[in-house]
């Protein structure tokens, strides 16, 4: 059974201060995300518009597997980003009525 997990990417130790997110060394990260999308693992992702990082949602069998997925992200491995992973459940808008 797969579950959903959210990763909140924040500025890591190697984040280049003074440069916005689109000027950081994130080419390998973008390619990694594209690979996850092609594999059907990545459900949604994108940067925060305040240049403080971003968010990604993946399907994985366990929290451990989600940590492994995000730990292999080049931006996390090189500490441009730090990754905080949480189990997550999407709710349908009708559930808020």
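Assorted remarks:
- Modelled label positions at residue 23 and residue 65, each set 7 Å beyond Cα in the direction of Cβ, lie 4.0 nm from each other.
- Expected 222 nm ellipticity per residue - DSSP helices of 4 or more, -39500 (n - 2.57), all of the chain, to 500: -7000 deg cm²/dmol
- The chain: translational diffusion in µm²/s, Stokes-Einstein, Kirkwood Rh over Cα pairs, 4 °C, 1.567 mPa s: 93 µm²/s
- Surface/4 of the Cα convex hull for region 34-84, nm²: 3.6 nm²
- Angle in degrees between helix 27-38 and the longest Cα principal axis of the chain, rounded to the nearest 10: 20 degrees
- Förster radius 25 Å - calculated FRET efficiency between residue 43 and residue 77, Cβ distance, rounded to 0.05: 0.70
- Residue order, fewest to most surrounding Cβ atoms within 10 angstrom, among 15, 88: 88, 15
Each reported figure results from applying straightforward, stated rules to the coordinates on display, with no laboratory input. This one's a predicted model, so the numbers in the text were calculated from it and none came from an experiment. Neighbour counts are summed over all protein chains in view; Cβ atoms, including those assigned to glycine, are modelled from backbone coordinates with ideal geometry.
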